[in-house]
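The values are calculated or read from the model by the stated rules, or taken from the named source; none is laboratory data. If you're wondering where the values come from, they're calculated on a predicted model, not measured in any experiment. Note: ideal-geometry Cβ built from the backbone for every residue, glycine included; neighbour counts use all protein chains shown.
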Amino acid sequence: MVRIAIVIPYASMANLAWDVFQEHTEQMRLQALDATEYSLDILVASTTQELLPQWPDCDAMIARGATYLDLCRRSLSIPVIELIINGTDIVNILLQLRQKYGPVPAAILGTQNMILGVEKLARQLGVDVTPYCFQENSLLEIRGCVEQAARDGKRVIIGGSTGCRLAEEIGLTSMLITSGREAFWNAISEAKQQAKISQVEREKALSFQTMLDNAYEGLVVIDRNQQISFLNTAAIQILQLSRREQYLGKPASSVFSTPALSRIVSAPENTDEIIAYKNTHLSVKTKNMMMHGLRAGTVVSLLNAAQIQTTEDQLRKKLHYKGHKAKYTFGDIITRSPRMMACIQEAKAFAQTDSNIVVVGETGTGKELLSQSIHAWSRRAQNNFVAINCAALPENLLESELFGYVEGAFTGATRGGKPGLFEIAHNGTIFLDEISEIPLGLQGRLLRVLQEREIMRLGDSQVTPINIRVIAATNKDLESLVRAGKFRSDLYYRLYVLQLNLPPLRERQEDIPLLAQSFLRNFQAREGDSCPLELSDGDCRLLQSRPWRGNIRELQNFCERLAVLYRPGVSVSGLIAHLLEGAASPETPPPCPPPVPKAAHTRIDLSYEVLLAVLQECRGNRTQAAAKLGISRGTLWRLLKKYQGGEA
């Protein structure tokens, strides 16, 4: 729908305007020249001041006389078409004057575009008419023209509705200048063409305006005369201004009012600076628009320091989808061991600080699980948890992963560069697993990061401030590595602010049944096994007899093997014993006590506790245990089955 508005000075013209509009629309449709849907809004207003309160939403506007000129001066976003008072209209009113009043002196009021050439035409028609022109079409100006005409002895006033009304107030005769059918036809025809073009252009302008208003940066355009020709919503917010309309067409100094801003935007060259502004800091960039070698204007882009920080945080949070988040909490730790419970309570207390933490424990004790739980319990929980194994990468790759690099830093560097894990962990936690394996060459850079809280990408000359919490993990004695010269002492003391010692599984045997049953359930659920595998007390005691030098990781792998091999009807105890016998530990077991002489025990003397103790010493190896007990493997098997509820 294309909307057209017609502004007429008096209501008697409304019927003619509507009739011509309908006739024109129907004729264009019948001739297949224009199938566009149009609407018409007719407004009665003799001046612009009367028009403004009833301003319509339209794509083109038709007006005449002084109202037309005034609307043109306002630089509206829609086209304004003149309802021309043509020669035919002037001839008609002069003929009416001659017919009604003869040679009486008359005055015709209007703007230059309305009454140009009227004196010559009046002489040809034999009437006495003097033109009185006005510019603003204001009530004061029209009244002045009427009063001047009266002083000049004019007895008839020809003009618009306001002029005629004022003339009658002082006792003069008045005649309205009307616009004829031809004038309306031409104006409506042109308005339709201009309105369609206007609608397309306004839609483009609206999309452009919407796009810029939704831009993150504040944008201000200064024209060649140092006046504001455009500014978007972000600029208004950043500069803390009022309504946009108050600044368009005004000097740039009305927007860039501080000395620093004024200096930057008036500089002849492009600029890029960070300055203090009111209660914040702004990043201000200027780009000159050049035409034929001369500056045609300047585009100023603005960023608020607080907005930059907010966006940076949002971008970092979006990196969660890459796996940079904590998956576990303290609730995922399965334990009833008093020692482990005390460790968890200590970890929760540490989580409320930002101090560096070192988690010490054997391989497979759950150092990363505890570290993720600390992060999830801390005030950094909504930000990234970034983990890296310092032993998994060679030194050159580890450096680029930790600190990032800029484009061209080395052969094969990703275009545009890449942020390091320290940058990704900003406002969050970075977990450095196997910190003891970090090369000496990188330990100095890591120390600087921990001290200065800033990083520098490879190949870059600029530093980036970061806010991180470091949790390191090791299964080695770092103090002994310091004494051996394999670990920097200054880095050691920087890391060792808080320390957590995770007990090995053999020192929390009460957790073995809980962990084993949980692992079995999870694996069977994952594989869709509908036949649950339940452990008896005897099975649990058998599992507790093993030292589990691989700790929880070894127990988890063992439970997976058990679940894979288990079938309904198979003896769980026998399967566990078989798997324990075949599981060899890579580490050298502690010295076992000398074998028990055969004469020392009978079958009745060998209690279940003795059997378990010897099996534990032999790491579940039945052959070694039987030899130490002075019995055969078959005897050991029968005894185990007897004590575990099987057949003798």
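Structure notes:
- Scan of region 140-195 for residues that are over 13 Å from Ile108 (Cα atoms) and of a type in the set (Val, Ile, Thr), ordered by number: Ile170, Ile188
- Every residue from region 542-571 that is within 55 Å of the chain's Cα centre (by Cα) and under 19 Å from Tyr608 (Cβ atoms): Leu543, Gln544, Arg546, Pro547
- Candidates Ser461, Ser480, filtered to the one that is polar (S, T, N, Q) and not in a loop (DSSP other than H, G, I, E, B): Ser480
- Among the residues here, Ser229 qualifies as in a strand (DSSP E or B) and modelled with pLDDT under 90.
- Residue match in region 408-426 (condition: of a type in the set (Val, Ile, Thr) and either under 13 Å from Gly459 (Cα atoms) or at pLDDT 90 or above (or both)): yes
- Residue that is farthest from the chain's Cα centre (by Cα) [pool: residues in region 477-513 that are of a type in the set (Val, Ile, Thr) and over 15 Å from Pro338 (Cα atoms)]: Val482
- One residue stands out among those in region 385-402 that are within 30 Å of the chain's Cα centre (by Cα) and modelled with pLDDT of 85 or more: the one that is surrounded by the most Cβ atoms within 10 Å (Cβ to Cβ), which is Phe385.
- Selection from region 47-85 of residues that are among the acidic types (Asp, Glu) and surrounded by fewer than 13 Cβ atoms within 10 Å (Cβ to Cβ): Asp57
- Any hit, region 103-120, residues being surrounded by fewer than 13 Cβ atoms within 10 Å (Cβ to Cβ), among the basic types (Lys, Arg) and without any contact (Cβ under 8 Å) to a residue 40 or more places away in the chain: yes
- Residue that is farthest from Gly366 (Cα to Cα), among those in region 464-476 that are touching a residue at least 40 places away in the same chain (Cβ under 8 Å) and outside any loop (DSSP other than H, G, I, E, B): Thr464
- The condition of being among the acidic types (Asp, Glu) and either surrounded by 13 or more Cβ atoms within 10 Å (Cβ to Cβ) or assigned to a strand (DSSP E or B) (or both) holds for only one of Glu203, Glu190, Glu245, that being Glu190.
Yes/no per residue for (1) modelled with pLDDT under 70; (2) of a type in the set (D, E, K, R); (3) closer than 25 Å to Gln509 by Cβ:
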{"site": "Pro597", "(1), (2), (3)": "yes, no, no"}
{"site": "Glu617", "(1), (2), (3)": "no, yes, yes"}
{"site": "Thr623", "(1), (2), (3)": "no, no, yes"}
{"site": "Trp637", "(1), (2), (3)": "no, no, yes"}
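- Unique match (being surrounded by fewer than 21 Cβ atoms within 10 Å (Cβ to Cβ) and modelled with pLDDT of 85 or more) among Thr178, Thr88, Thr130: Thr130
- Evaluation of Lys204 against the conditions (1) modelled with pLDDT under 90; (2) of a type in the set (Lys, Arg); (3) over 25 Å from Met61 (Cβ atoms) shows that the sole unmet condition is (3).
- Count - residues of region 264-289 that are farther than 14 Å from Ile222 by Cβ and either surrounded by fewer than 16 Cβ atoms within 10 Å (Cβ to Cβ) or not aliphatic (A, V, I, L, M) (or both): 12
- Condition check for Thr429: among the polar types (S, T, N, Q) and surrounded by fewer than 15 Cβ atoms within 10 Å (Cβ to Cβ): no
- A single entry from Val156, Val146 fulfils the requirement of being under 18 Å from Asp89 (Cβ atoms) and in contact with a strand residue (DSSP E or B) (Cβ under 8 Å, 6 or more places away or on another chain): Val156.
- Selection from region 158-173 of residues that are more than 19 Å from Ala66 (Cα to Cα) and either in the same structural domain as Ile8 (by TED's automatic domain parsing) or without any contact (Cβ under 8 Å) to a residue 40 or more places away in the chain (or both): Glu168, Glu169, Ile170, Gly171, Leu172
- Residue in region 139-154 that is at pLDDT below 90 and farther than 28 Å from Ala45 by Cα present: no
- Pairs where the first residue, in region 339-351, is of a type in the set (A, V, I, L, M, F, W, C) and the second is in a helix (DSSP H, G or I), C-beta under 7 Å, 6+ apart: Met340/Asp511; Ile344/Phe330; Ala347/Leu370; Ala347/Ser373; Ala347/Ile374; Phe350/Ile374; Ala351/Ile374; Ala351/Trp377
- The residue that is nearest to the chain's Cα centre (by Cα), among those in region 514-541 that are of a type in the set (A, V, I, L, M) and over 18 Å from Gly574 (Cα atoms), is Ala525.
- Of all the criteria given as (1) basic (Lys, Arg); (2) assigned by TED's automatic domain parsing to the domain that holds Cys343; (3) within 30 Å of Arg567 (Cα to Cα), the one not satisfied by Arg488 is (3).
- Residue in region 144-157 that is touching a residue at least 60 places away in the same chain (Cβ under 8 Å) and more than 30 Å from Val2 (Cβ to Cβ) present: no
- Residue count, region 216-230 (criterion: free of Cβ contacts under 8 Å to residues at least 40 places away in the same chain, surrounded by 14 or more Cβ atoms within 10 Å (Cβ to Cβ) and more than 16 Å from Ser77 (Cα to Cα)): 2
- Test: residue in region 586-594 that is at pLDDT 75 or above, polar (S, T, N, Q) and in a loop (DSSP other than H, G, I, E, B): no
- Arg567 within 30 Å of Ile334 (Cα to Cα), of a type in the set (Lys, Arg), in a loop (DSSP other than H, G, I, E, B) and modelled with pLDDT of 70 or more: yes
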